[in-house]
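To start, the structure under review is shown below, and the notes come after it.
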Amino acid sequence: MLRSPIVVILGHVDHGKTTLLDALRPGSSSVTKTEIGGITQSIGAYQAKLGDKILTLIDTPGHAAFAKMRSGGAKIADVAVLVVAADDGVMPQTIEALDHIKSAAIPLVVAVNKIDAPGANIDRIKAQLAEHECLVEGYGGSVPIVSISAKQKTNLNELLEMIILVYELNGKEASPDASLKAPIIDSKLDRRIGPLVSVIVQEGALTVGQQIFAGTANGKIRALKNDLGQNIQRCFPGQPAQIQGFKQVPPVGTTVVDQPLPAEIGSEQSIDVIAKKTTGDQKSFILRADSRGTLEALTDILPPNSVIISKNVGDVTESDVLLAESGNSIILSFRAEIPPSVKELAKTQNIRIFSSQIIYQLAEIIETLKEPVIPIETELGRALVIKVFQVDKLRIAGCKIEKGRISIGNTVKIIQGGQRRDGIIKNIKKGNSDVSFAGAGEECGLFIIPKDRQKLNLVPQNVIIAFEITTPSESL
């Protein structure tokens, strides 16, 4: 029997793909309202109904950075819907979507959206599509074209009827009793629940309690949720589901099966990648994102000669900062959390972290990184060494604070013999008491750890300057 059709929605950013999904999804809350920056940035699947027919719709992000996710969606689907705004016409991601559809060799329906917008011109779109070897009905070809307004819900039933007709002419049979085959369309790590994996079942069925495998990841299904977030016990061919129960986060694009596959040579053992050191004008990056799909999108916006030291799903950690320090790397965080302790460590170690909830903002800041960044040192406090004390194996500099204040964790510089030495204030004492800072006019003892790990021979009359480095804004 024919399973429910799996339909991918493709098109240029802001042409109305998510609004269309929102209009087709019965009884759902608004998808567009949950999207940061007004663009879809993760891949999800939803179901729509027309009479007794059910369709599974894949929403794929329209921004250029999400090419891999769009390509993955096209390969999973049975039918593609190419959304083109009637007032905007064929745009770069429209052309890219056509390439994905051709590569996946799946039938196509063109949905011309925003027909109620000023400047709408359907004939112009037909001509533009023809320039890219997409000949629609009435313009010398056989590709179905439907004029719609997702916002006004105009001609949506006609669009669904056309999708079903195209699918029934090219449809695939599937049995819930067959071996499981469920491609992964998104995966992420939830700090409370663990790995969350979104799939669409193509063959077989998912059942709570079932053993599952995807690449090198495995687990046992603890819970299944449908596209409305409701708990279900089974998921059948053509239906989407979110799986809880994997022990690791499997990569997007792999397939969930019910039997372990033989290990493939060169298969991905972990998403964490340690790369070679940079050379010349190369820049190195540490990447963190909230899901496998968004991590790939983040990878795609890097300059061609970039070196990725590490990439992973989850929050930015103190280990990331220390790794960045050892490789002089930049940390990019896309929709991943940065705990306050990590921000403080990064500031202390002079490590740049660029974070955003919107991919194109990170793309813009990466463009600025091509220009040399001139850091600015801002003096926080200055101390004169009066006497140096040996306490056990530690050398403590007895100082007088001449101006400003010096605090634990401050980066400091000392000029000795015409050479600069940098260090970190590890401890401050006033008399026998440990304190967090000392201000102008006060006397104190400073214990400094040199950054180069070489012995620091402080002597009286050395000047210790505490400072912070400021760079272009890193909070996007």
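The values are calculated or read from the model by the stated rules, or taken from the named source; none is laboratory data. Remember, predicted model here, so these are calculated numbers, not experimental data. Cβ atoms come from the backbone with ideal geometry, glycine included; neighbour counts cover every protein chain shown.
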Residue check: is Gly89 assigned to a loop (DSSP other than H, G, I, E, B) and crowded, with 18+ Cβ neighbours inside 10 Å? yes
Report whether or not Leu458 is more than 43 Å from the chain's Cα centre (by Cα) and either surrounded by fewer than 13 Cβ atoms within 10 Å (Cβ to Cβ) or without any contact (Cβ under 8 Å) to a residue 12 or more places away in the chain (or both). no
Regarding Ser187, is this residue over 30 Å from Arg288 (Cα atoms) and not β-branched (Val, Ile, Thr)? no
Of everything in segment 429-443, what is acidic (Asp, Glu) and assigned to a loop (DSSP other than H, G, I, E, B)? Give them in sequence order. Glu442
List every residue pair whose Cβ atoms sit under 7 Å apart, with the two residues 6 or more apart in sequence or on different chains, where the first one lies in segment 95-121 and is closer than 28 Å to Glu168 by Cα and the second, anywhere, is among the acidic types (Asp, Glu). Ile106/Asp78; Lys114/Asp87
Pair list, Cβ under 7 Å, 6 or more apart: segment 354-367 residue of a type in the set (Ser, Thr, Tyr), other residue surrounded by 18 or more Cβ atoms within 10 Å (Cβ to Cβ) and part of a helix (DSSP H, G or I): Ser356/Leu362
Could you pull out the residue among Leu332, Leu380, Leu323 that is surrounded by 17 or more Cβ atoms within 10 Å (Cβ to Cβ) and farther than 30 Å from Val249 by Cβ? Leu380
Checking the structure you have, find out if any residue of segment 126-140 is under 20 Å from Leu298 (Cα atoms) and at pLDDT 80 or above. no
Looking at (1) among the charged types (D, E, K, R); (2) assigned to a loop (DSSP other than H, G, I, E, B); (3) farther than 25 Å from Ile353 by Cα, which is the one condition that is false for Arg453? (3)
Which count do you get for residues in segment 97-134 that are in contact with a Lys or Arg (Cβ under 7 Å, 6 or more places away or on another chain) and either closer than 16 Å to Lys17 by Cβ or outside any helix (DSSP H, G or I) (or both)? 3
